[in-house]
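Below is one structure, written out as structure tokens; the observations come after it.
The values are calculated or read from the model by the stated rules, or taken from the named source; none is laboratory data. Every value quoted in this text rests on a predicted model; they were computed, and no experiment measured them. Cβ sites come from the backbone with ideal geometry, for glycine too, and all protein chains shown count toward neighbours.
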Amino acid sequence: MSLVNSDTSIELHQVGIGDLRKRSGWILGLGVLLVVLGTLALATSIFWTLVTMIFIGWLMIFGGIMQTLHAFTFKAWAGFFLDLLMGIFYTIVGLMVVAHPGATALALTLMIAMLLIIGGIFRVAAAIAMRFPNTIWMLIHGAINVALGVIILPDWPVSGLWVIGTFIGIDMLFNGWSLIMLSLTLKNLPKSE
């Protein structure tokens with residue numbers, strides 16, 4: 001696929017490559033930083049689980065306060081009470097999350113495990129029932145989801161302390177390595193005219 005710009009044709013996947021190439025050092029640095037942070041998150045997953053819960057709690061508190069203030073700015077609106085109640089609800093739940101990050105992590109981990117298992121079963125069933133090209137990827141995705149849920153669930157509630165931090169660490173690691181590989185690829189691309 002290409003974009004046509006007056007007399008020249010530019011490949012869509014090359015748009016912005018020049019800017020990225022100029023910043024490949026920054027991309028590499030960010031990738032390395034994320035790999036280091038991801039490794040630390042994996043090594044201290046309980047800490048990162050609790051930090052994440054506290055961060056989410058504060059976001060809820062801030063959102064709740066803002067929604068409550070919003071309700072009072074538009075008192076004449078018919079949705080005033082709904083806005084007010086939702087703002088108060090978000091604030092209270094946020095305060096509970098900040099006050100009890102461990103309990104929140106346990107509840108959230110149980111929900112994650114159940115969603116992984118149920119979603120994985122549906123994906124496997126859909127892959128078997130609907131034959132279409134590359135069904136194998138849906139089948140593998142479903143099987144991995146079920147496996148993750150089955151790994152988390154029997155160890156619950158203990159798994160509630162490490163799962164979220166581990167997921168954050170894994171995400172940081174993969175994101176970091178993706179950026180490192182992008183940076184190295186950019187340096188090895190031939191210069192465009």
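Return the total of residues in region 138-193 being farther than 26 Å from residue 31 by Cβ, not in a helix (DSSP H, G or I) and not acidic (Asp, Glu).
If we filter region 138-193 for residues that are farther than 26 Å from residue 31 by Cβ, which is where we start, we get 138-140, 142-143, 145-147, 149-161, 193.
Subsequent filtering for residues that are not in a helix (DSSP H, G or I) retains 156-158, 193.
If we keep only those that are not acidic (Asp, Glu) too, we end up with 156-158.
Within region 138-193, residues that are farther than 26 Å from residue 31 by Cβ, not in a helix (DSSP H, G or I) and not acidic (Asp, Glu) number 3.
For residue 53, are the conditions met, namely being exposed (fewer than 15 other Cβ atoms within 10 Å of the Cβ), under 21 Å from residue 171 (Cβ atoms) and in contact (Cβ under 8 Å) with a residue 24 or more places away in the chain? No; evaluated as a whole, the condition is false for this residue.
Just the residues that are exposed (fewer than 14 other Cβ atoms within 10 Å of the Cβ), in a helix (DSSP H, G or I) and among the aliphatic types (A, V, I, L, M), please, taken from region 127-137. Give the steps one after another, and end with the answer.
Restricting attention to region 127-137, the residues satisfying the condition of being exposed (fewer than 14 other Cβ atoms within 10 Å of the Cβ) are 128-134, 136-137.
Remaining after also requiring in a helix (DSSP H, G or I): 128-129, 136-137.
Within region 127-137, 128, 129, 136 qualify.
Mind checking which residues of region 169-193 are of a type in the set (Val, Ile, Thr) and at pLDDT 85 or above?
Within region 169-193, the subset of a type in the set (Val, Ile, Thr) is 170, 180, 185.
Scanning region 169-193 gives 170, 180.
Test residue 17 against the criterion of being at pLDDT below 75 and in contact with a Ser or Thr (Cβ under 9 Å, 6 or more places away or on another chain), and give yes or no. Here the answer is yes, as residue 17 does meet what is asked.
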